[in-house]
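Engineer: Attaching a single structure in structure tokens format; questions to follow.
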Amino acid sequence: MGMNISEVGVEGLVQAGLTVNEAKEFDEILKETLRRSKGLGPREVWRELVAQKVLKPWHPHGLHQLVYYSVYNGWDASSNGPPLYWFPSINQSKLTNLGRVMEAYGPKLLGTLYKDPITSFSLFQKFTAEHPEAYWPIVLKELSVQFHEPPKCILDRTEKSKPGGVWLPGSTLNIAECCLQPTNHPRKEDDSLAIVWRDDGCDDSPVNCMTLKELREQVMLVANALDATFLKGDAIAIDMPMTVYAVIIYLAIVLAGFVVVSIADSFAPKEIATRLRVSKAKGIFTQDFILRGGRKFPLYRKALFVLFCSKVIEAGPVKTIVLPATGHDVGIQLREQDLSWTHFLSSVRHLPRPKHYSPVYQPVDSVINILFSSGTTGDPKAIPWTQLSPIRCASDAWAHINIKVGDVYCWPTNLGWVMGPILLFSCFLSGATLALFHGSPLGSSFVKFVQDAGVTVLGTVPSLVKAWKNTNCLEGLDWTKIKTFASTGEASNVDDDLWLSSKAYYKPIIECCGGTELASSYIQGSPLQPQAFGTFSTASLTTGFLILDENGVPYPDDQPCIGEVALFPLYLGATDRLLNADHDKVYFRGMPTYKGMLTTGDSLGGSGWSLQVPVCLRRHGDILKRTVGGYFVVQGRADDTMNLGGIKTSSVEIERVCDRADESILETAAISVAPVGGGPEVLVIFVVLKKGYNRQPEKLKMTFSKAIQSNLNPLFKVNFVKIVPEFPRTASNKLLRRVLRDQVKHELSVRSRM
């Protein structure tokens, strides 16, 4: 049990990292704030401390911890809900994208029930889920979405073969063109900054800049070169870091009517080969090397190894275009059939207008990008993004992260992960500037770039935040221009988020949780709601979901509970197909039908009508906890899919590798659990040894980690190994991973109390 905030004195402040003089001065300010807040609860006290900026970004983290945990000392989350750290004001709320729209349309849509953006947010969210046809025209007008042929309607619900309905039927467009053209957005013009970036090792150099016009010309140049090299409709992979060139290539592929195949540059050769085979890729863009911390890591050679392997590409040869990591020319010898970046571009220099290109307009449901998500067995699911997907992800960033013209948006990621395309489209469709760092985001070079680029919205994954905090690499740098943080990929750690938010005077961290197949997040935070560390405050706009008990029966919407998430199927941007799996089987078959109330018409205003309509629920797979007060915490996956470092993988894939890693292994079981204090899941391997063998857990841990990194992903690591005589199983011999998971949770809990 810690101390209450009123008990904090000079001695405690010194122990938290202040000098004696600093502690005396801070103690006076703290006591004065507490006098003004006398009689108020912990949330109001914390709100006042933040509003008065009593805690500074440069104060030691120990001081932030002392004050925050002392304010909330004795807080009963089971009765009061999670502790809150950020609170919107009415004036702030009306300046947000969504607040502005709610003020304009709220009285018309909600009638007399509308009060203001904060009070009416939950009601408005529910309205958008029940009446998406009323919400989406507003958002399409706000974003840079320009149709070549306008849609016949917003949503056609009559197509019985598609539970999610048919969105924007009859429309054609090119979503890359929408990203590249000036619009009626205020100040989104040709000379607006589209991208800012810096190369690793150039910490003291000015940040590089590219205007919207310059970006458009570069994209059109590459689009012309693509036409000279490939056939329309070809799938073309990008296997390289998310540099300014990767972004140009991505937009050019879409602009020219080809299909992007997303491959992360961290993948092992086997994983690259699988994605090329499944997508039937005809080409691949890569780099000669990846530069990290002054070191060179071969990338083209890894891709070359894949292409030399037999039976990798069933649809014919794959042409490789190689970009230099530095300089103008690649630093290695290429195969005869491959092209350097310079040679690739030279194919269109003879054109009279090589930087002009007429976009290829396609139906809104045409595939533009093939992404991948691991299933529980076999090949990863090949998930096609249509032109609806960018609209969805950009709308969520617009509404929940409040991305707008004038913002500088940075999120260390890769086009091989869903966050890469989400970042790209969220920036360019909202008119913001994309900030890219050509190097590792782990060290001081990246955090200095965030300062120098004037980043206003910074996306993270929790493991990055932990690394920044542990290395103290923000020392002496200023992140106070940041107005919003965002986080996804893993469960957040409360103390790490306390550290992060404090670096910008406690700006909100918008948590996001969704999936590649949704093109967005189904639950998020919102700048129109108070926020609690490591929690989600709302379903995303237009999203409806239920939390099911063990019998598939939904809990009441206002009841704290834990259960499996089931999404309502009307979800613009969600998949209606998979390229290598049965979409209906993966997402719908076996899910319960919900026979609740489906509202039609202006029922919230009192003039509509309601029907009992059966709804086929969509499977997502998360186990979700709803707290007192209506906040959400993700508890893990319903199946055996694990989330390791923000990357979904399956227990079966891990076990296949580990079973072959050492001759002593009889069988293995892989599970992942969240640490007691919260944070990213850790990987644990249970082992049954063959008779007569003896191995030390630490040695097996090293063996397994090496095997997994070589065969699956170099970012995965085994946290610990436990040798057991046998595994718990059902009567039908099915492995009970849940029992093993509970054992590990118990051991971690015991260790944390020692």
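Read the figures in this text as sums done on the coordinates, not as results from a lab. Fair warning: this is a prediction, and the values are worked out from it, not measured in the lab. Methodologically, a virtual Cβ is constructed for each residue, glycine included, from the backbone with ideal geometry; neighbour enumeration extends over all protein chains shown.
Engineer: Filter the chymotrypsin sites (Phe, Trp or Tyr not before Pro) in the range 527-594 down to the DSSP loop ones having no more than 10 other Cβ atoms within 10 Å, then list what survives. Kindly include the intermediate steps, with their values, before the conclusion.
Structural biologist: Details: sites: Phe533, Phe536, Phe545, Tyr571, Tyr587, Phe588, Tyr594; in loops: Phe533, Tyr571, Phe588.
The qualifying sites: there are none.
Engineer: To continue, here is another question. Could you work out the Rg to Rh ratio of the range 1-151, with Rh taken as the Kirkwood radius (inverse of the mean 1/r over all Cα pairs)? If you can, show how the numbers build up before the last one.
Structural biologist: Working: Rg = 21.9 Å, Rh = 18.9 Å.
Using only Cα positions, Rg/Rh for the range 1-151 is 1.16.
Engineer: Give, as a single signed number, the net charge of other residues whose beta carbon lies under 11 Å from the beta carbon of Thr538, with Lys and Arg counted +1 and Asp and Glu -1. List each step's numbers first, then the result.
Structural biologist: Working: positive: Lys126; negative: Glu511.
In short, 0.
Engineer: Rg/Rh for the range 425-466: what does it come to with C-alpha atoms and Rh from Kirkwood?
Structural biologist: Details: Rg = 11.2 Å, Rh = 11.4 Å.
With Rg and the Kirkwood Rh in hand, the quotient comes to 0.98.
Engineer: Give me the percent of DSSP beta bridges within the chain that run antiparallel, rounded to the nearest 5.
Structural biologist: Working: 63 of 101 bridges.
Looking only at bridges with both residues in the chain, the antiparallel portion is about 60 percent.
Engineer: Separate question: Bin width 5 Å, origin at 0, all Cα-Cα pairs of the range 5-75: what percent of pairs per bin?
Structural biologist: 3, 17, 31, 29, 15, 4, 0
Engineer: Given a cut-off of 18 Å, name the pairs among Lys31/Lys53; Lys381/Lys706; Lys690/Lys722; Lys282/Lys585; Lys56/Lys469 whose C-alpha atoms lie farther apart than that in the structure shown. Walk me through the numbers on the way to the answer.
Structural biologist: Numbers: Lys31/Lys53 14 Å; Lys381/Lys706 25 Å; Lys690/Lys722 15 Å; Lys282/Lys585 29 Å; Lys56/Lys469 16 Å.
Beyond 18 Å between Cα atoms: Lys381/Lys706; Lys282/Lys585.
Engineer: Same structure, new question: Using the count of nearby Cβ atoms within 10 Å as a rough guide to exposure, how do Asp452, Asp396, Asp407, Asp191 rank from fewest to most? Intermediate results must be reported in sequence, preceding the final value.
Structural biologist: Details: Asp452 18, Asp396 28, Asp407 24, Asp191 11.
Least crowded to most crowded, the residues run Asp191, Asp452, Asp407, Asp396.
Engineer: Average the reciprocal distances over every distinct pair of alpha-carbons in the range 641-753, invert the result, and give the Kirkwood radius in Å. Numbers along the way, then the final one.
Structural biologist: On the way: mean 1/r = 0.0694 Å⁻¹.
So the Kirkwood estimate lands at 14.4 Å.
Engineer: Rounded to a whole number, what is D in µm²/s for the range 500-545 from Stokes-Einstein with the Kirkwood radius over alpha-carbon pairs (20 °C, 1.002 mPa s)? The partial results should precede the final answer.
Structural biologist: Numbers: Rh = 11.4 Å.
Approximately 188 µm²/s, per Stokes-Einstein.
Engineer: I want the local charge near Phe632. Using Cβ-Cβ distances under 14 Å, sum +1 for each Lys or Arg and -1 for each Asp or Glu among the other residues. Each step should come with its number before you reach the end.
Structural biologist: Values: positive: Lys625, Arg626; negative: Glu511, Asp557, Asp558, Glu564, Asp622.
In short, -3.
Engineer: Can you tell me the dipole magnitude for the chain around its Cα centre, using point charges on the Cβ only (Lys, Arg +1; Asp, Glu -1), in Debye to the nearest 20? List each step's numbers first, then the result.
Structural biologist: Numbers: 79 positive and 74 negative charges, 197 e Å.
It comes to approximately 940 debye.
Engineer: While we're here: Convert 20 °C to kelvin, take the viscosity as 1.002 mPa s, use the Kirkwood radius over C-alpha pairs of the range 245-285 as Rh, and evaluate the Stokes-Einstein diffusion coefficient in µm²/s, rounded to a whole number.
Structural biologist: Rounded, D is 195 µm²/s.
Engineer: May I ask you to derive the relative contact order of the chain, considering only C-alpha pairs under 8 Å and at least 6 residues apart, and to give it as an integer percent? Could you put the intermediate results ahead of the total?
Structural biologist: Working: 1535 pairs, mean separation 96.6, N = 754.
Answer for the chain is 13 percent.
Engineer: Provide Rg over Rh for the range 90-167; use the alpha carbon set for both Rg and the Kirkwood Rh (inverse mean inverse pair distance). Don't jump to the answer; show the numbers that get you there.
Structural biologist: Working: Rg = 14.6 Å, Rh = 14.0 Å.
Reported Rg/Rh, Kirkwood definition of Rh: 1.04.
Engineer: Still on this structure, I have one more. Can you list the residues, at least 5 places off or on another chain, whose amide H is less than 5 Å from the amide H of Val615, using H built in the peptide plane?
Structural biologist: Correct list: Tyr594, Lys595, Gly596.
Engineer: For Glu726 and Arg295, what is the calculated FRET efficiency with R₀ set at 45 Å and r taken between the beta-carbons, to the nearest 0.05? Don't jump to the answer; show the numbers that get you there.
Structural biologist: Values: r = 45 Å, r/R0 = 1.00.
According to the calculation, E is roughly 0.50.
Engineer: Taking the alpha-carbon distance from Lys188 and a cut-off under 19 Å, which lysines remain once sequence neighbours fewer than 8 residues away in the same chain are dropped?
Structural biologist: Here the lysines satisfying the reach criterion relative to Lys188 are Lys141, Lys213, Lys404.
Engineer: Another question about this same structure. Counting helices only, and only those DSSP H runs with n ≥ 4, report the 222 nm mean residue ellipticity of the chain as the sum of -39,500 (n - 2.57) divided by its residues, in deg cm²/dmol to the nearest 500. Could the numbers behind the result be given before it?
Structural biologist: Values: 24 runs with 246 residues, N = 754.
Rounded to the nearest 500, it is -9500 deg cm²/dmol.
Engineer: For a quick check: sort Ile321, Ile138 by the number of other beta carbons within 10 angstrom, fewest at the front. Show your work: numbers first, answer last.
Structural biologist: Working: Ile321 23, Ile138 16.
Taking fewest neighbouring Cβ atoms as first place, the list is Ile138, Ile321.
Engineer: Okay, next question. Quote to one decimal, in nm, the extra length available between Glu159 and Tyr361 on full extension: 0.36 nm per residue of separation minus the C-alpha distance between them. Could you put the intermediate results ahead of the total?
Structural biologist: On the way: separation 202, 0.36 × 202 = 72.72 nm, distance 2.41 nm.
That pair, Glu159 and Tyr361, stretches by 70.3 nm at full extension.
Engineer: What three numbers, in Å, describe the spread of the alpha carbons of the chain along their principal axes, ordered from the longest?
Structural biologist: Per principal axis, max minus min of the Cα coordinates gives 76, 76, 61 Å.
Engineer: Going by average Cβ neighbours within 10 Å, how do the peptides 153-163, 490-500 rank, with the highest at the top? Don't jump to the answer; show the numbers that get you there.
Structural biologist: On the way: 153-163: 13.2, 490-500: 23.2.
Going by the mean number of other Cβ atoms within 10 Å, highest first, we get 490-500, 153-163.
Engineer: Right, next: When only alpha-carbon atoms count, how far does the range 524-593 stretch along each of its three principal axes, as whole angstroms with the largest first?
Structural biologist: 41, 29, 20
Engineer: Now a separate question. If you add up the charges near Ile284, with Lys and Arg at +1 and Asp and Glu at -1, over every other residue whose beta carbon is less than 14 angstrom from its beta carbon, what do you get?
Structural biologist: Numbers: positive: Arg275, Arg277, Lys280, Lys282, Arg301, Lys302, Lys319, Arg335; negative: Asp234, Asp239, Asp265, Glu271, Asp288, Asp338.
Charge balance in the 14 Å sphere: +2.
Engineer: Another one. So for the chain, taking the charge dipole from beta-carbon charges (+1 Lys/Arg, -1 Asp/Glu), which of Thr274, Thr538, Asn21 sits furthest toward the positive end?
Structural biologist: In the chain, that residue is Thr274.
Engineer: Within a 10 angstrom radius of the beta carbon, how do Cys179, Cys473 rank from fewest other beta carbons to most?
Structural biologist: Working: Cys179 27, Cys473 17.
Least crowded to most crowded, the residues run Cys473, Cys179.
Engineer: Can you give me the Cα centroid spacing of the range 506-571 and the range 5-57 in angstrom?
Structural biologist: Computed from Cα coordinates, the inter-centre distance equals 34 Å.
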